[in-house]
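Engineer: First, the structure itself, so that you have it in front of you.
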Amino acid sequence: MESLRGARILLTGAAGFLGFNFLHFFSYLNGVGGSGKRKRMIRVVAADNFLRGRPRWIAELGRADPNIEIHRCDVVKPWPKQSVRFDYIIHGASIASPTYYRQYPLETLDANVAGLRNMLELARRNRSSSMLFFSSSEIYGDPPPADIPTAESYRGNVSCVGPRACYDESKRLGETLCYIYAEQHKLPVKMVRPFNNYGPGLRLTDRRVLPDFCADAIAGRTIKIYSDGTPTRTFCYASDALTGYLLVLLSTCDGQAFNIGTDGPEISMRDLGSLVAKLSGGGSDVECQASPEAAYLIDNPQRRCPDLSKARRLLGYRPQVYLEEGLRRLLYWYQHFLPLEENIFQK
C-alpha cells in the first residue's frame, strides 16, 4: 500500500467488476492515508467507454473522492500525448462475459489488441513504473487432465475459430504484445490470468454463472444450469484476486504472466448451484437444462483450476477467503447493497 502513496494511476475498464474493486480500494487508501499536508493521495484516472452502461456507483465514488477522475473514452483510440504522466497503468478494459463478447466480438478484439497497444505505447512514453495487463485463464482453452492444475508454462488448447475465439485469441495475442514490449523496450509490463473471480461489483446482469445462480436463489426460483452440471471450476473472491493483482503490479517480474485465483475447491456446477441454494436460505431447486443460446457450450472448458506455485514462490500470494464464506458475502451484497436499477429479484 505504501508503494502506491502519491502515485498517479490510469485504470481502464473502470466501470466493470475489476474497476469496482480497484477504485474502492484506492479510495479507501485515500481515506486512511494520514492527515494534513503530509497525506499523499493516490490520483486515479478511471477510464471506460461505458458500452454496457454507466453504473451508479462509479458516479457516486467520483463525487465522494476528488482524487478519482471519471473519463469517458475509448482505449482503441490513442491516448492524448499531452496528458499527464501515469506512474502505473492497469489495463482492464475488455468484455469478459461470454454472453456479451459473443455479441460484441470486434469490440472485444479491439480492446484486447488495439487498446492494449495504445496503453503499452503510453506506458513507454511515460516511462511508467509498472503496467498490468489483464489476460485470462481462457487462454489455456480446455487442458487435458494431466495439465490440471494448470501452470503458466502450459501452452494452451484453444480454437482460433468459434464463438469464444474473439476473446481467447485476442488475450493470447495481448500477452505476445506485452512480451515484445518487455523484451524490445524494457517496459515493466506484467500479465495476470484471472481464474473465475467473483464478489461485490459483479453485475447480476453479467450472465456469468454465479450472478445467474444468485439471482435465481434469492428470488426463490429454480437455479438453472445450462449444461449437464459436470464442468468444474475454482472461484477466487475479490479481495484475494485484488491482492494478487497488486502484488504482480508492484513486482519486478517484467514480461511474465501469473495465474491469480484459488486452487481449491474445484467444484462442479451442480454442486455450486446446490451450495448457493443452501446459503441463500430460500430452498431453491437445481435443474440442468439446455441453454437458449445455441453457441453457449461451444469450446467451453470442462475443467479449470490454476497451479499457483509461481505466484506463491515469487509473490508470496496466499488466497484467504474460502468459497463458502465468499458466497455468503456475495449474496449479502446482492441483497443489501446492489443498486436498485440492477435488482432483478422479482419472481
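Engineer: For region 304-316, how many residues meet the condition of being open to solvent by 40 Å² or more (accessible area, probe 1.4 Å) and either at pLDDT below 95 or assigned to a loop (DSSP other than H, G, I, E, B) (or both)?
Structural biologist: 2
Engineer: List pairs: first in region 1-14 and more than 23 Å from Val76 (Cβ to Cβ), second in a strand (DSSP E or B) and of a type outside the set (D, E, K, R), Cβ under 7 Å, 6+ apart or cross-chain?
Structural biologist: Listed by first residue and then by second, the contacts come to Ala7/Tyr88.
Engineer: Would you confirm, using the coordinates I've provided, whether Pro163 is in contact with a Lys or Arg (Cβ under 8 Å, 6 or more places away or on another chain), touching a residue at least 60 places away in the same chain (Cβ under 8 Å) and open to solvent by 30 Å² or more (accessible area, probe 1.4 Å)?
Structural biologist: Spelling it out, Pro163 is indeed in contact with a Lys or Arg (Cβ under 8 Å, 6 or more places away or on another chain), touching a residue at least 60 places away in the same chain (Cβ under 8 Å) and open to solvent by 30 Å² or more (accessible area, probe 1.4 Å).
Engineer: Continuing with the same structure: Out of (1) more than 19 Å from the chain's Cα centre (by Cα); (2) over 22 Å from Asn300 (Cα atoms), the odd one out for His91 is which?
Structural biologist: (1)
Engineer: Please determine whether any residue of region 31-42 is closer than 30 Å to Pro163 by Cβ, open to solvent by less than 70 Å² (accessible area, probe 1.4 Å) and touching a residue at least 24 places away in the same chain (Cβ under 8 Å).
Structural biologist: Our first condition is that a residue be closer than 30 Å to Pro163 by Cβ; within region 31-42, this holds for none.
Within region 31-42 (the criterion being closer than 30 Å to Pro163 by Cβ, open to solvent by less than 70 Å² (accessible area, probe 1.4 Å) and touching a residue at least 24 places away in the same chain (Cβ under 8 Å)), the answer is no, since none of the residues qualifies.
Engineer: Shifting gears a bit: Mind listing whichever residues of region 159-193 are within 15 Å of Leu120 (Cβ to Cβ) and not in a helix (DSSP H, G or I)?
Structural biologist: Keep residues of region 159-193 that are within 15 Å of Leu120 (Cβ to Cβ), which gives 170-171, 173-191.
Those that are within 15 Å of Leu120 (Cβ to Cβ) and not in a helix (DSSP H, G or I): His185, Lys186, Leu187, Pro188, Val189, Lys190, Met191.
Engineer: Would you please name the residue that is surrounded by the fewest Cβ atoms within 10 Å (Cβ to Cβ), looking only at residues in region 91-108 that are in a helix (DSSP H, G or I) and not polar (S, T, N, Q)? Steps first, answer last, please.
Structural biologist: So in region 91-108, the residues in a helix (DSSP H, G or I) come out as 98-103, 105-108.
After this cut, where a residue has to be not polar (S, T, N, Q) as well, the list is 98, 100-102, 105-107.
Details: Pro98: 21, Tyr100: 18, Tyr101: 23, Arg102: 20, Pro105: 16, Leu106: 8, Glu107: 19.
Out of the qualifying residues, it is Leu106.
Engineer: Still on this model: State which residue is nearest to Leu18 (Cα to Cα) when the search covers only region 220-246 and only residues that are open to solvent by 10 Å² or more (accessible area, probe 1.4 Å) and of a type in the set (Val, Ile, Thr).
Structural biologist: Checked region 220-246; the qualifying residue nearest to Leu18 (Cα to Cα) is Thr243.
Engineer: Then there is this: List every residue pair whose Cβ atoms sit under 8 Å apart, with the two residues 6 or more apart in sequence or on different chains, where the first one lies in region 61-88 and is part of a helix (DSSP H, G or I) and the second, anywhere, is small (Gly, Ala, Ser).
Structural biologist: From region 61-88, the pairs are Leu61/Ser27; Gly62/Ala46; Ala64/Ser27.
Engineer: Which members of region 171-219 meet the condition of being in contact with a strand residue (DSSP E or B) (Cβ under 7 Å, 6 or more places away or on another chain), polar (S, T, N, Q) and surrounded by fewer than 21 Cβ atoms within 10 Å (Cβ to Cβ)?
Structural biologist: If the condition is that a residue be in contact with a strand residue (DSSP E or B) (Cβ under 7 Å, 6 or more places away or on another chain), polar (S, T, N, Q) and surrounded by fewer than 21 Cβ atoms within 10 Å (Cβ to Cβ), then Asn196 is the only one that fits.
Engineer: Here are Ser291, Ser284, Ser239, Ser274: which of them is part of a helix (DSSP H, G or I) and farther than 30 Å from Phe86 by Cα? I'd like the intermediate steps shown before the answer.
Structural biologist: Values: Ser291 fails: part of a helix (DSSP H, G or I); Ser284 fails: part of a helix (DSSP H, G or I); Ser239 fails: farther than 30 Å from Phe86 by Cα.
Only one candidate passes the filter, namely Ser274.
Engineer: Looking only at region 115-154, which residues are in a strand (DSSP E or B) and of a type in the set (Ser, Thr, Tyr)?
Structural biologist: Of the residues in region 115-154, the ones in a strand (DSSP E or B) are 130-134, 141, 150.
Of everything in region 115-154, those that are in a strand (DSSP E or B) and of a type in the set (Ser, Thr, Tyr) turn out to be Ser130, Thr150.
Engineer: Now for a different question. Of the conditions (1) among the β-branched types (Val, Ile, Thr); (2) in a loop (DSSP other than H, G, I, E, B); (3) under 30 Å from Gln103 (Cα atoms), Ile58 satisfies every one except a single condition; which number is it?
Structural biologist: With (1) among the β-branched types (Val, Ile, Thr); (2) in a loop (DSSP other than H, G, I, E, B); (3) under 30 Å from Gln103 (Cα atoms) applied to Ile58, the lone miss is (2).
The values are calculated or read from the model by the stated rules, or taken from the named source; none is laboratory data. If you're wondering where the values come from, they're calculated on a predicted model, not measured in any experiment. Note that each Cβ is placed from the backbone with ideal geometry, even for glycine, and that neighbours are counted across all protein chains shown. Heads up: the accessible areas ignore ligands, DNA and RNA and are worked out on the full protein's heavy atoms, side chains in. Shrake-Rupley method; radii C 1.70, N 1.55, O 1.52, S 1.80 Å.
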